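Have a look at the structure below, then the notes.
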Amino acid sequence: MSINLTTPVGRIVQGELWKAQPVVDPRTNIPKLGADGKTPQVQHFFALAIPKQPGHTHWAQTEWGQKIWAEGNRAHPQFAPHPTYSWKIEDGDSQIPNKRGKKNCDREGFPGHWILKLRSGFPPKTYNANGSEVLPAESFKPGNYAQVNINVAGNTGDSPGVYLNPVMAALAGYGTEIQTGPDVADAGFGQG
């Protein structure tokens, strides 16, 4: 069982929803294979930063968050209250370093937001703001704004949690692009 919901407008702060990335086993660091045992699994990942609302101290207090919270508790009533439950939502103001030593509060576009980590084996369908026109997925660059229709389902893997799978995205506006790799200006081209 699962539910669908559409997020409020948020800013894309990580990932490139059009790029297929290999799925890697976190324990072995080896790419995972599909059901046929030959084809590498891929995923499309991006993170959406939704502004926090005054007076809300947890994402589950929002309208969209209540729906995700309810689905997680329905899927795993014995695990959902546990702090290790994988909700795929982070506090953009967190000062706790992740496994790579990075803090959310230091990342561009994170502070003051709830960060939804969205991924799927397929790229979402991409549209203009009101859904009347198909847009190229490359329009959804980090820094731009979007609304995303997501499918929320309890996972069946090793770590209890929910999947937040993007189904469709609507481009809501353009923002200052967030640099996702090395800056070309720092490369030193034209020096020799």
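Which of the residues that make up region 114-127 are within 21 Å of PRO51 (Cα to Cα) and open to solvent by less than 70 Å² (accessible area, probe 1.4 Å)? Matches in region 114-127: TRP114, ILE115, LEU116, LYS117, LEU118. Among the residues of region 59-78, those that are out of contact with any Gly (no Cβ under 6 Å at 6 or more places or on another chain), open to solvent by less than 70 Å² (accessible area, probe 1.4 Å) and over 15 Å from ALA153 (Cβ atoms) comprise ALA60, THR62, TRP64, GLY65. Condition first: within 17 Å of LEU17 (Cβ to Cβ), open to solvent by less than 60 Å² (accessible area, probe 1.4 Å) and small (Gly, Ala, Ser). Can you find one or more residues in region 91-113 that meet it? For region 91-113, residues within 17 Å of LEU17 (Cβ to Cβ), open to solvent by less than 60 Å² (accessible area, probe 1.4 Å) and small (Gly, Ala, Ser): present. Residues that are touching a helix residue (DSSP H, G or I) at 6+ places or on another chain (Cβ under 6 Å), in a loop (DSSP other than H, G, I, E, B) and surrounded by 13 or more Cβ atoms within 10 Å (Cβ to Cβ) are absent from region 22-34 altogether. Scanning region 1-8 turns up one or more residues that are part of a strand (DSSP E or B), open to solvent by less than 30 Å² (accessible area, probe 1.4 Å) and either closer than 27 Å to PRO142 by Cβ or among the small types (Gly, Ala, Ser) (or both).
For region 48-77, filtering for residues that are in a loop (DSSP other than H, G, I, E, B) and touching a residue at least 12 places away in the same chain (Cβ under 8 Å) leaves 3.
Taking every residue in region 86-112 that is within 18 Å of ILE50 (Cβ to Cβ) and pairing it with any residue that is assigned to a loop (DSSP other than H, G, I, E, B) and open to solvent by 70 Å² or more (accessible area, probe 1.4 Å), at least 6 positions away or on another chain, the pairs with Cβ-Cβ distances below 7 Å are SER94/LYS103; CYS105/GLN95.
The values are calculated or read from the model by the stated rules, or taken from the named source; none is laboratory data. Predicted model only: the values in this text are computed from it and were never measured. With ideal geometry, Cβ positions are generated from the backbone for all residues, glycine too; neighbour counts draw on all protein chains shown. Surface accessibility is based on the protein's heavy atoms, side chains included, excluding ligands, DNA and RNA. Shrake-Rupley method; radii C 1.70, N 1.55, O 1.52, S 1.80 Å.
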